[in-house]
Amino acid sequence: MGGKWAGILMRVVLYFVVARLSLSLIEPRTGITAVWPAGGLLLAFLMTERRAHWPALVTGVFAADLMAGLSVGNALPLQSAYTLITCTEGVLGYRLLCAAAGPKFEYRSVRFIVSLFTLNAVLIPSLGALAAAGLARLLAPTVSPGSFIDWAVSDGVGVLIIAPTVLAAAEWIGRGRRVNGRAALEVLVLLAVVVLAPAFLMLNAPAGTSIPLPLTFVFFPVLVWAGARFGVAGTASLITAIGTVVAIGVSLGYGERWYPGDARQLLLLTQGYLGLIAVSGLVLAAAFDERRQVERELSAAHAGLHALVAGASDAIAGVDPDLRLVAANDAWQTGFGAALGIPTPIGASLRKVAGTGSAASAASLEHWR
């Protein structure tokens, strides 16, 4: 029982910290955060927590979200409505994702990533934004309806950035995996690249000048490398780092420094860029993971078949179209080959065996034809 409440309390505290930090990282001209990862955090919590614990977990998250919103000056009625919508998004998103991708949540599969994007990063945030806009019209008519478009995009990007990382971390902790020193060093190098590269650009780009277009794709080779080496787990951690750095840069006003024009348009472009990075990187990593899984399954099936054939008492062999022996079990070597009176190693031609002129050899050749 103590472990249950400790786990829930840890999740609630983490949610509050992430939500509060996200609310402090707002774009100065629009007052909107570029990424809202708390929604993805709640979704991941629901995936990794037993349903019997859901009432306590959702209640705690509701309180944490409400406190985070009130701490930045939001009115109680409006923040209560927003918090209710956020929690509803998490529960409804879980149900839809469970129906689309299966209850086991194989987060390394392309099916899961596509479902996460379609349902939890597009559909659910859009419905939540519509509900929030309707409630805001009743409770606070002065709130701009256009800000709820940013709500939907920010919430959707946050799901893509945080949920796979939390799932990977929960799996790693649950299985008690050890840290591979070499792999950890490689991940740290990749993290340094995705953190230092944009930081260098932000600090050194002259005011009023846009970043050269090729540099905006600096993350993609890193994500391809991470996907090939570490799959979804490693790629998700890099995407979380990228999202964090970009959100901090936007909150510090670097968007205004580079693009002094329409602030809201810039914010949407930044969010779209993060979404593109997240979806493309995760789908590619999931494809690598699925390929590795298929290779493991084929290897296991091959090993099982080899053991079955090798231990059979019947003589079993395989030949190519030129009647060259390509595989044979022990029964063939010790029984059938001995009956021919001629050794038949792998690669030997049965035509040459039959060419010896023995009746057994000729009969064997006719059989294989």
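In the neighborhood of H53, defined by Cβ-to-Cβ distances under 14 Å, what is the net charge if each Lys or Arg adds +1 and each Asp or Glu adds -1? All intermediate terms of the calculation are to be shown ahead of the outcome.
Details: positive: K4, R11, R50, R51; negative: E49.
Combined, the nearby Lys, Arg, Asp and Glu give +3.
Mind listing the long-range amide H neighbours of V319? Cut-off is under 5 Å, sequence gap 5 or more, other chains count too, H placed in the peptide plane at 1.01 Å from N.
Result for V319 returns V326.
Does the range 116-189 classify as rounded, prolate or oblate by the C-alpha gyration tensor (a ≥ b ≥ c root eigenvalues; a/c under 1.5 gives rounded; else a/b over b/c gives prolate, otherwise oblate)?
Note, shape of the range 116-189 comes out prolate.
How would you classify the range 1-153 from its alpha-carbon gyration tensor, with a ≥ b ≥ c the square roots of the eigenvalues: rounded for a/c under 1.5, else prolate if a/b is greater than b/c, otherwise oblate?
On the way: a/c = 1.88, a/b = 1.29, b/c = 1.45.
Oblate.
Tell me, what is the percent relative contact order of the range 41-139, built from C-alpha pairs under 8 Å that lie six or more residues apart?
It comes to 31 percent, rounded to a whole number.
Take the Cα atoms of the range 80-124, find their three principal axes, and give me the spread along each one in whole Å, biggest first.
36, 18, 14
No lab work stands behind these numbers, since they all come straight from the coordinates. Just so it is clear, the model here is predicted, and its values are computed rather than measured. Please note: Cβ atoms are built from the backbone with ideal geometry, for glycine as well, and neighbour counts cover all protein chains shown.
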